[in-house]
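First comes the structure, then the notes that go with it.
The values are calculated or read from the model by the stated rules, or taken from the named source; none is laboratory data. What you see is a predicted model, and the numbers here were worked out from it, not measured in a lab. All Cβ positions, glycine included, derive from the backbone under ideal geometry; neighbour counts span all protein chains shown.
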Amino acid sequence: MKIFFKIILLLSFLYPQSGNFNITNGNAKDLVYSASFWLGGSQMIDPNSTNRLFVQTGLSSIYIEENSNFLKYPNIDVGLKVTKNLSLTCKSYGFQSVDENPQVLGGGIQYYSGDKDTLNWSTSLQRVDLKGLKHFHMTSLLLDFRKWFGWNNYKFRIGTGTILFKEHSLSGDHGFPSSMEGQINFLGIDLMIPISILTLGMETRISSSRIITSLYMQKEIF
C-alpha cells in the first residue's frame, strides 16, 4: 500500500504541469476564481478516528462551464488532532507549473460536534495564501460545514461552505483590475474508502459556474 501512496504523491506534482497561472492572457477572472476554489478545499479528517496525525496527498481538476476548460492542481494536507473535538490543519508546499513556481502556505482548524456518542458534524475555518507567481498573489479564506455519514466501511461528508478571496496583480496594467475580491458558495460531498492501511478519497465541490473534483490518498500515522 505504501507504493500507492508514493505514486499518488508523485502524480500530484506531475499532473499540474499543464496548469496556467498567467492572467495576462485575457482570462484573469477565470484563473483567479478557479485558484481560490482550489485553495478552499478542507482536509477530510474522520471526527471519530482515534489517530492523531493525518497526511493526505492528491490532485484536483476544475471544470469551467463558460469556456469548457480544465485546470489542474496538486494537494498536500497535514492534520493534527489535538483533542477529541479539535484538529489543526496545514498546507505548505510548492511545485512547478509550466514556467511558474507556485507556493501554497496556510492552515486552519476543524471542530467536531454531535451527540454524546458520535461526532458527526464538522466545522472548518481555514486561510491559505498562494505566492511565488509572476503575475499575482492571493489569499483564500474558507468556512465549511459538513455532516458525516457511515455505510459499511465507507464514510461520506456532505455539506456547504463559502470561500472569500482577495487577489493582487503584480504585472502592471494588462487590461484587468489591479486587485480582485470575491465570494464562492458551494455544495460539497466526499467519499472515503479504507484500503488496508491507507484511505482512498474523492471530493466534489459544486458552485454556480465551477466544479472541482479531487482524488487523494490519506495515511493516518498514529
- Item | Lone unmet requirement of (1) under 21 Å from the mean Cα position of the chain (by Cα); (2) at negative phi for GLY132 | (2)
- Look at ARG205 and say whether it is surrounded by 20 or more Cβ atoms within 10 Å (Cβ to Cβ) and of a type outside the set (S, T, N, Q). yes
- Message: Which count do you get for residues in the range 210-221 that are over 18 Å from LYS72 (Cβ atoms) and surrounded by 14 or more Cβ atoms within 10 Å (Cβ to Cβ)?
- Response: 3
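Yes or no, residue by residue, for (1) under 14 Å from ALA35 (Cβ atoms); (2) in contact with a Leu (Cβ under 9 Å, 6 or more places away or on another chain); (3) of a type in the set (Ser, Thr, Tyr):
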position	(1), (2), (3)
LEU141	yes, yes, no
LYS147	no, no, no
PHE156	no, yes, no
GLU203	no, yes, no
ILE221	no, yes, no
- Message: Name the single residue that is modelled with the highest pLDDT among those in the range 197-222 being over 22 Å from ASN153 (Cα atoms) and among the small types (Gly, Ala, Ser).
- Response: SER207
- Item | Out of ARG127, ARG205, sole residue that is assigned to a strand (DSSP E or B) and in contact (Cβ under 8 Å) with a residue 60 or more places away in the chain | ARG205
- Query: Can you find a residue in the range 79-90 that is over 26 Å from GLN183 (Cβ atoms), of a type outside the set (Asp, Glu), surrounded by fewer than 21 Cβ atoms within 10 Å (Cβ to Cβ) and in contact with a helix residue (DSSP H, G or I) (Cβ under 8 Å, 6 or more places away or on another chain)?
  - Reply: no
- Message: Can you say whether THR123 is closer than 22 Å to ILE206 by Cα and at pLDDT 95 or above, as far as the supplied structure shows?
- Response: yes
- Message: Looking at the range 107-124 only, could you name the residues that are in a strand (DSSP E or B) and of a type outside the set (Gly, Ala, Ser)?
- Response: ILE109, GLN110, TYR111, TYR112, LEU119, ASN120, TRP121, THR123
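Among the residues of the range 44-59, is there at least one that is among the hydroxyl-bearing types (Ser, Thr, Tyr), assigned to a strand (DSSP E or B), at pLDDT 85 or above and within 22 Å of ASP144 (Cα to Cα)? It would help to see each step written out before you state the result.
Going through the range 44-59, the residues among the hydroxyl-bearing types (Ser, Thr, Tyr) turn out to be 49-50, 57.
Cutting the leftovers down to assigned to a strand (DSSP E or B) gives us 57.
Pick out the ones that are also at pLDDT 85 or above and you get 57.
The next check asks that each one be within 22 Å of ASP144 (Cα to Cα); those that pass are 57.
The answer is yes, given that some residue of the range 44-59 is among the hydroxyl-bearing types (Ser, Thr, Tyr), assigned to a strand (DSSP E or B), at pLDDT 85 or above and within 22 Å of ASP144 (Cα to Cα).
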- Task: Mind listing whichever residues of the range 60-85 are assigned to a loop (DSSP other than H, G, I, E, B) and modelled with pLDDT under 90?
- Result: GLU65, GLU66, ASN67, SER68
- Message: Condition first: under 17 Å from GLU220 (Cβ atoms), of a type in the set (Ser, Thr, Tyr) and surrounded by 14 or more Cβ atoms within 10 Å (Cβ to Cβ). Can you find one or more residues in the range 111-119 that meet it?
- Response: yes
